Amino acid sequence: MVSVTRSEFGELSMRAGTVEKFWLQSDLLRVDIISWGCTITALEVKDGQSRASAVVLGFAKLDGILQKQPYFGAVVGKVANGIAKGTFTLDGKECKLAINNRPNSLLGGIRRFDNVPWTPQVLSNGIHFSQVSADSEEGYPGELKVWVPYTLDGEELVVSYKAQASQTTPVNLINLFFNLESQGSPNILVYDHEVTIEYDAFLPVDETLIPSGEVGPVQGTAFDLGKPVELEKHLEEFRINGFDHTVCIWREGRKFLSLLKGLHHEDPILMI
């Protein structure tokens, strides 16, 4: 049985409207999601002893979310990666994007999906958010409609993404960030997490974290995570601060890309 509770989370300035919070509760999970940025602000999971642990970082008040922060819990896009110099060519036409991480466009530009209000619809087992981005907004061609339902199914939080564009346009949506330690843990930066990720190659990046165009092998490198490694020891062994790369996965002859993202600072951290 899932319950959905709706309440006010905060007021936007300049009479821009109200941000709502939706509290989804099942026997094993509780998740709080707000309409600003389609953002998860809290997620509690019960362990084998029925003890609830908070496993995401978030803000209890709207002011913290509106300040500059690393996209905690938000849906990010239109493109959840960096685009070199904010320019790409599509169908022979050059598209120029908003620059928000000089010299590149990062995670969708200035009016990103994490930085706008979404329209909510309450479901019997969750909440369904929608968003419309106008043609040429942030420089991307075509009107883009996006739907993101959050639902509870047994012991799972299910997040889905659907996008429909009026023209051919790049779209790559993700939700940032999750952590396997409970909030308040001394190991909140995932140093003692044991990590296993199976993939076939990675894309080396330049000094601005844009893929160089090469495809790098993982065997014998810091990116070889096919067997369990303790993150802190692994980073120290290879003398790196973290990962902020695209990884390549081949399955049944098809190539898939996923993001291995990290924060840019002196502390090593792993985000997927």
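Quick note: the coordinates plus some simple rules give every number you see, no bench work behind them. Keep in mind that what you see is a predicted model, and the values were worked out from it rather than measured. Positions of Cβ are generated from backbone atoms using ideal geometry, with glycine treated the same way; all protein chains shown enter the neighbour counts.
Relative contact order of the chain, taken over Cα pairs closer than 8 Å and 6 or more residues apart, is 14 percent.
From a point 7 Å beyond the Cα of ARG51 in the direction of its Cβ, which residues of segment 1-35 have a backbone N at a distance under 16 Å? Under 16 Å, as judged by backbone N against the label point of ARG51, lies no residue of segment 1-35. Which of the lysines could a cross-linker span from LYS233 if the Cα-Cα distance has to be under 24 Å and same-chain partners fewer than 8 positions apart are dropped? Hits, sequence-local ones excluded: LYS261.
In the chain, taking the dipole from charged Cβ atoms about the Cα centre, the farthest positive-side position among ILE127, PRO117, ASN172 is held by PRO117.
Within straight-line reach of LYS21, meaning a Cα separation under 20 Å, sit the following lysines at least 8 residues removed in sequence or on another chain: LYS61. In this calculation the C-beta distance from GLU155 to GLN67 is compared with R0 = 45 Å, giving a FRET efficiency of 0.85. Reachable lysines from LYS162, Cα under 16 Å, same-chain residues fewer than 8 places away excluded? Those lysines meeting the cut-off are LYS78, LYS145. Loop-located trypsin sites (Lys or Arg not before Pro) in segment 11-92 (DSSP state not H, G, I, E or B) with no more than 13 neighbouring Cβ atoms inside 10 Å: ARG15, ARG51, LYS61, LYS68.
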